Amino acid sequence: MNARDRILGKLRQHMPQAAKPLPDVDGWYAAHRPLEAATDKAKRFRHFIELAHAEVHAVTAANWTETLHAVLKARAIDKLLVAEGTPHGDAALDALPPRGIECSVYDMAIEAWKSEMFNETPAGLTAARAAIAETGTLILWPNALEPRLMSLVPPVHIVLLDAAKIYNTFFEAMSVEGWKNGLPSNSLLISGPSKTADIQQTLAYGAHGPKELIVLLLEGEA
């Protein structure tokens with residue numbers, strides 16, 4: 001008997017006779033975070049994402065483009081990257097150019113306009129698929145119409161979030177959204193603007209990626 005066989009023999013001698021039961025994840029989360037009303041989840045989400053230096057504006061389906069225009073004008077931004085072919089992108093394309101905001105679209109491979117994207121695109125508008133109240137986190141699922149660079153490159157990232165899509169916990173979001181059945185090639189969890197910490201654990205915001213995160217929290221009927 002060689003050393004390998006002796007090691008494997010000892011391991012087999014100490015193998016458990018029966019598999020341990022799987023943990024009751026559903027039960028743990030049910031006790032950890034009871035169900036909340038939609039207004040309570042929205043309030044808690046806003047509290048935590050604002051703690052992470054994000055800016056939140058409560059909007060409605062009727063006025064969100066007006067709020068978007070005001071947010072851009074307050075920062076002297078006259079150009080916005082939008083996702084043509086999406087409901088929010090098309091709404092921005094209809095509402096903003098007549099009011100002096102140029103809207104550019106992501107309609108070609110990044111190699112063809114990388115310099116413009118990185119140097120001449122001050123802000124980008126995307127939609128959130130959902131959000132997590134417990135941590136103040138946005139969930140984005142980039143796709144061909146709205147690639148992930150739209151939320152990672154422009155210095156100001158503006159996100160339209162339907163308050164009805166705020167979940168209590170990450171576990172609830174994964175369960176209700178059916179993540180086990182498939183995910184996009186890139187899914188993003190965003191909790192505030194970009195940040196980093198040095199060796200002294202001093203947190204700095206805006207070190208890489210978007211320096212500002214602005215959430216348009218869509219309340220009422222979308």
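The values are calculated or read from the model by the stated rules, or taken from the named source; none is laboratory data. In this text the structure is predicted, and so the values were computed from the model without any measurement. All Cβ positions, even for glycine, are placed from backbone atoms using ideal geometry, and neighbour counts span all protein chains on display. Surface areas here come from the heavy atoms of the whole protein model, side chains and all, with no ligands, DNA or RNA. Shrake-Rupley method; radii C 1.70, N 1.55, O 1.52, S 1.80 Å.
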Practice prompt. Write out, first by first residue and then by second, each pair whose Cβ atoms fall under 9 Å of each other, whose residues are 6+ apart or on separate chains, and whose first residue, in the range 194-209, is more than 21 Å from Phe118 (Cα to Cα) and part of a loop (DSSP other than H, G, I, E, B) while the second is modelled with pLDDT of 70 or more and open to solvent by less than 60 Å² (accessible area, probe 1.4 Å).
Written response: Asp198/Ala204
Worksheet item: When you scan the range 69-116, how many residues do you find that are part of a helix (DSSP H, G or I) and within 17 Å of Glu212 (Cα to Cα)?
Response: 6
Practice prompt. Residue by residue through the range 96-140, note down the ones that are under 20 Å from the mean Cα position of the chain (by Cα) and open to solvent by 60 Å² or more (accessible area, probe 1.4 Å).
Written response: Arg129, Thr135
Practice prompt. Working only within the range 35-58, note down all residues that are touching a residue at least 24 places away in the same chain (Cβ under 8 Å), in a loop (DSSP other than H, G, I, E, B) and farther than 22 Å from Gly206 by Cβ.
Written response: Leu35, Glu36
Worksheet item: Looking at Glu146, Glu219, Glu177, which is the one that is over 21 Å from Trp64 (Cβ atoms) and touching a residue at least 40 places away in the same chain (Cβ under 8 Å)?
Response: Glu177
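With exposed (fewer than 10 other Cβ atoms within 10 Å of the Cβ) and without any contact (Cβ under 8 Å) to a residue 40 or more places away in the chain as the only criterion, which of Ala76, Ala70 stands out?
Working: Ala70 fails: exposed (fewer than 10 other Cβ atoms within 10 Å of the Cβ).
Result of the check over Ala76, Ala70: Ala76.
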Practice prompt. Scan the range 158-180 residue by residue and report those that are under 30 Å from Lys73 (Cα atoms), open to solvent by less than 20 Å² (accessible area, probe 1.4 Å) and in a helix (DSSP H, G or I).
Written response: Ala163
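Given Ala19, Ala31, which one is modelled with pLDDT under 90, closer than 27 Å to Ser175 by Cβ, of a type in the set (A, V, I, L, M) and outside any loop (DSSP other than H, G, I, E, B)? Outline the logic, then answer.
On the way: Ala19 fails: outside any loop (DSSP other than H, G, I, E, B).
That would be Ala31, the only listed residue that is modelled with pLDDT under 90, closer than 27 Å to Ser175 by Cβ, of a type in the set (A, V, I, L, M) and outside any loop (DSSP other than H, G, I, E, B).
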Practice prompt. For Ala58, work out the one condition from (1) at pLDDT 85 or above; (2) open to solvent by 60 Å² or more (accessible area, probe 1.4 Å) it doesn't fulfil.
Written response: (2)
Worksheet entry | Enumeration of residues in the range 151-200 that are more than 12 Å from the chain's Cα centre (by Cα) and aliphatic (A, V, I, L, M) | Val153, Val156, Ala163, Ala164, Ala173, Met174, Val176, Leu183, Ala197, Ile199
